[in-house]
Amino acid sequence: MRAPILIPRPEGLYCPQGDFFIDPVRPVPRALVTHGHADHARAGHGAVMATAQTLDIMALRYGRDFTQSAQPADGPARIGDVTVSFHPAGHVLGSAQILVEDARTRILVTGDYTRTPNAACAPWEPVACDILVTEATFALPIFRHPDPQDEIARLLASVRAFTERAHLVGVYALGKAQRVIMLLRAAGYDAPIYIHGALAKLCDYHIAQGIALGDLRPATVARGKKGDFAGAIVLGPPSAFAATWAQRFPDPVIAFASGWMMVRARARQRGVELPLIISDHVDWAQLTQTITDLNPAETWITHGREDALLRWCALTQRAATPLRLVGYEDEPE
Amino acid sequence: MIAGFAELLERLAFTPRRGLKLAHLRQYFAATLDPDRGYALAALTGDLDLRRVTPSLLRGLVAERVDPELFALSYDFVGDLAETIALIWPAPAQLANPALSELVAELQQTPKAELPARIIARLDQLPPSQRYAYLKLGTGGLRVGVSARLARQAVADYGGLQLAEVEELWHGLFPPYESLFHWAENGPKPVSAARAPFRPVMLSTPTDLVDLTARDPADFMAEWKWDGIRVQAVSDQGTRRLYSRTGDDISGAFPDLLEALTFDGVIDGELLIRRGDQIAPFNDLQTRLGRKQVSAKMRETHPAALRAYDLLLCDGHDLRAQPLHQRRAALEALIPRLDPARIDLSPLLPLSDWDALAVMRADPPDPVIEGVMIKHRDSPYLAGRIKGHWFKWKRDPMRVDAVLMYAQRGHGKRSGYYSDFTFGVWDAGQLVPVGKAYFGFTDAELKELDRFVRNNTTERFGPVRAVKPEKVVEVAFEGLNRSPRHKSGLAMRFPRIARIRDDKPAQEADQLATLMALLPEA
C-alpha cells in the first residue's frame, strides 16, 4: 500500500509527495498556511505559501522577514508530485482551505472555517474532496450559534439601557474585532468605535483591503475624565481587561464575543456581564451539514472536541479518524 | 411571557452587583403585566409550589431525543443538567411564547403520569434561553444570586414603598401578588388575612463611648448582645411561626422551639443553641439553619432556644407604641409562664455609668456575646434602623496581621482592579490561607494593593493571581469558627482589610496558633 497523501507529524500535517507541512507549529523548510491566527501561522519557516492576505498579515505580525520565501497562492500550484490550491474558508480575512490532490485522491484541509456570512472576509466555499480534514472546535451538539446580528442587537440594547457606562467588548485582534465592527455597522451603528492599540494595525490593514470599518478611534490615550467613554463601545483584546488599561472607563459593562459564550459557566469564569455568542468557527449544525454535503469517503479531525464528532460519524456510518494534532488553541488570542 | 422571564434570569445571572440586579428587577416589573411578574417574583423568592421536575425525569426525556453518548459528552462540558438539555434539545419547528402563568399552572396541575409529555411539548416550542428558564422553574433553584429579600426590596423600590411594609405583609400574600403590584402602582395597601404575620424588626445603630458620654445612663436600659440569630417568634390563635429578621419563615428548621410557643403574641429575641445553661457557639446554630427537616438526633444534640428581648404583641394587644420599659414589664410577666428550657429572658445589665458598662463589655461572662445593646427606656418599637432609640456597642473586632497570598479581579466599578484578596498566616514556616476580604480599604489603599498585585504576581489561575508573600495587611473580623472546609481549619466572620501594614515585614505576621487560641471551645 502506498503512503497516504498527508500524515500527522509532531510539527503538523505533512505531505511526503510535496515535502511540505500545513500549518506547522514548529519551524519547517516549507509550510502552507491556512490563515493568520498565531497558532496556525508561525514565524521562522524556510518558505511559506499562503493567500496574499495571510502573507500580509504574517508580515504585519512578525515583520517582513518572517520567512526567507513568501509565495502567494494564486491558482493551483504544483509542488513535487501534488497540486495544491487555496479556497476561501470564511473564518478571517485571507483564510483558506487547502486542497491537496494527486492523480487518485483529493484531500481538503479546512483550517478553521465557518459558513456563517462574515462581511470582513470572503465566504466559505464548498470544495469536493475524498478526504475531509476538518477542525472540531465547537463539535458538541450543544453548540448551535445564534444569528450574530441578533447578538449585536443585544449589545446595542445594553448600550441604550446603560448610557452612563462604557461597553468593553473582548475581541481577538485578527478577525473577531473586524467582524464585530462590521456587524455593528450593518446594524446601523455609525458612531465612533473605540479600539485598543493592539487592534489598530490589523484594522488599518482591513480598511486598506477595502473593508469599510467606519469611524475608529484609539481608546489607548489617557484622556481627561472617566466620563469621556460613557455610552461608548470599546473593543479590546480580553487580556487588556485585566490590565490597568480598563481602569479608565466609567463602570464598564464587560462583554466578550466568542462562540464559548453559549455556556454560562464559561462566561462567568471570565467575569463577563454581557456574553455575545459570535463565533468564527463552524458550529455543530454547520459541521455535520458540511460532512453531509461534501460526503467524503473519510473524515479526519484535526483539533477540538473530536469525541462527539467521531460518535456522530459512527452513528451516520461514516469513516472518521482523529488526528489529535496538538498546538492549536480553541480560539487564539 | 416566558421570553421576558428568560431575559431577566440571563441578566441577573451575569450581573454581579446588587444595585444593578435591583435595577434589572425594577425594569422587569415595570415592563411585565400581571400575573406574569408575580409568578416571576414568586420563583425568585421561592414561594412557587410546583410539582418538582426531577433530574431523573429530565434525563429520561433527553435520552429519547439525543444519543446518550453525545449527551454525556455535552453534559461533561457544560456541567449543568438543565443548561445542557436547554442547549442540546433539537431546534423548535415552531416557536411559542407562553405566559409564565400558563407554565406555572401546568406544572402545578398536570398529573404525574402526563408530566413528561407536557414537558416535551414545551421544550419543543421554546428557544434555548427560554428552555433553560422553563427547566430552572421546574427544577427549582434559579441560582441567579437573588435572595428572597432582594426580590422584595426590588418590589418596594419599584413602588416607592418601605421594605418593612412589604415584609410585614408578605406572609399574607400569595402568588401572583396582584394586590402587591397594584399597591406598588398607587393602589390601596392590601390587607393581609394571614395568621401569625411577620412584623418588621426594630434595628439599632452602632455607638461608642464618646457618643454615649453625651447621654444620660438613667434614660437607658442595657443588655447583652447575644451572638445567635435575631428572630421573631409569633403565636397567633394556634398558628406559630419563627421568622428571621428579614421576614423569612424559618419555622421548619426549629420544630422544638415552635412547640414551646405556648402564648398568644409576638416575641423578639435571639435564637440560640442552648444545652442547659450552656450556650453553644454560632457554628452549632448554623448546622441547624437552612434544613427543611430536622432529625430527632439533631433536636437532641442541638436544642434550639429563644432568649427574649422584647414583646410586640400580647393577648391581642399591640404593645409596639408603648415605651420599652412597659413592654419589658409585660415580657417579664409572660416569661415565667413558658418552658424555661426553651424560652428565657435576656437579663438586663446594671447601668449607672458608661465606664462601668465599658468594663463589663470588655469582659463578658460568656463567649457567645458580641457586645452590649443600649436601648432608650421610652423607645416605641419602630420598624427599621431609626436613630436615637437603640444602640449596639459591639466588642472591638478581633485583629490579625496576615500576609496577602492571592488576588482576584473585581467587577463593575472595580473592573480592572484586583480587589478580592485572600490572605494567610504562618504555620510551621508555611502560609496557610485563613480568609478572603474585598472591602475595608480606602480607594487609595485599593490602588496600592492593585499595584502590588500586578508587580508581584508569581502565578496566574484564570482571573486569580498568586503574589509574592510580602505584603502584610491588618485584617479585622467579628468572630472565628471552626471549619473543616478550610485548610486552616477555621473561618472568619466579616473579615475586612483594616489597613496596610507596610511597617511590618511578612515574617512578623501572625501565626496560626494565635488564631487557634481565639476559637470558641468546641
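Results, tabulated for the structure shown:
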| quantity | calculated |
| --- | --- |
| Within chain B, percent of DSSP bridges classed antiparallel, to nearest 5 | 90 |
| Other protein chain Cβ atoms within 10 Å, averaged over every residue that makes up A:130-141 | 2 |
| Residue mean of other protein chain beta carbons inside 10 Å, B:68-74 | 6 |
| Largest-first principal axis extents of the Cα set of region A:239-288 (Å) | 44, 19, 14 |
| Net charge contributed by nearby residues that have their C-beta within less than 14 Å of B:Trp183 (K/R +1, D/E -1) | -4 |
| Packing-based order for B:174-180, A:299-305, A:199-205, using average beta carbon neighbours within 10 Å, highest first | A:299-305, B:174-180, A:199-205 |
| Cα gyration tensor category, rounded, prolate or oblate, for chain B with a/c compared to 1.5 | oblate |
| Folded to 0 to 90 degrees: helix A:284-294 orientation relative to chain A principal axis, Cα | 30 |
| Interatomic Cα distance distribution for region B:198-299, bins of 5 angstrom, percent | 2, 10, 18, 21, 17, 13, 8, 6, 3, 1, 0 |
| Equivalent ellipsoid, region B:202-394 (semi-axes from 5 times Cα gyration tensor eigenvalues, Å) | 28, 20, 14 |
| Rounded to 10°, Cα long-axis angle of helix A:306-315 versus longest principal axis of chain A | 60 |
| Cleavage-rule hits (trypsin sites (Lys or Arg not before Pro)) in region B:118-222: DSSP loop, at most 14 neighbouring Cβ within 10 angstrom | B:Arg143 |
| Length-normalised contact order of chain B in % [C-alpha pairs under 8 Å, at least 6 apart] | 11 |
| C-alpha long axis of helix A:148-161 to longest principal axis of chain A, angle in ° | 10 |
| MRE, 222 nm, helices only [DSSP H, n ≥ 4, -39500 (n - 2.57), over the protein assembly as shown, to nearest 500] | -9000 deg cm²/dmol |
| Size of charge dipole - the protein assembly as shown - debye, nearest 20, with Cβ of Lys, Arg +1 and Asp, Glu -1, no other charges | 380 |
| Relative counts (whole %) of C-alpha pair distances in region A:101-197, using bins that are 10 Å wide | 12, 35, 28, 15, 7, 2, 0 |
| Relative intensity, log₁₀ I(q)/I(0), of chain A from a Debye sum that treats every alpha carbon as a point, q = 0.08, 0.09, 0.13 Å⁻¹ | -0.38, -0.48, -0.96 |
| By average C-beta atoms within 10 angstrom, highest first, the peptides A:160-171, B:310-321, B:377-388 | A:160-171, B:310-321, B:377-388 |
| Lysines whose Cα lies under 17 Å from that of B:Lys504, excluding same-chain neighbours fewer than 8 positions away | B:Lys468, B:Lys471 |
| Span from the region B:331-357 Cα centroid across to the region B:95-129 one, whole angstrom | 55 |
| Relative contact order of chain A, pairs being alpha-carbon contacts under 8 Å that are 6 or more residues apart, as % | 17 |
| Net charge over other residues, Cβ less than 12 angstrom from the Cβ of B:Phe71 (K, R count +1; D, E count -1) | -1 |
| Within the protein assembly as shown, percent of DSSP bridges classed antiparallel, to nearest 5 | 65 |
| Peptide ranges A:109-117, B:502-510, B:272-280 listed from the most packed, as the mean C-beta count within 10 angstrom indicates | A:109-117, B:272-280, B:502-510 |
| Förster-model FRET efficiency, 30 Å R0, B:Leu57 and B:Arg482, C-beta, rounded to 0.05 | 0.15 |
| Gained length - A:Leu323 relative to A:Thr244, 0.36 nm times residue gap less alpha-carbon distance | 24.3 nm |
| Average beta-carbon neighbours from other chains, 10 Å sphere, peptide A:246-252 | 4 |
| Nearest-20 debye value, chain B charge dipole, Cβ charges on Lys, Arg, Asp, Glu | 800 |
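Bear in mind that the values in this text are calculations on the coordinates, not laboratory data. Keep in mind it's a predicted model, so treat the numbers as computed, not measured. FYI the Cβ positions are ideal-geometry reconstructions off the backbone, even for glycines, and counts take in every protein chain you see.
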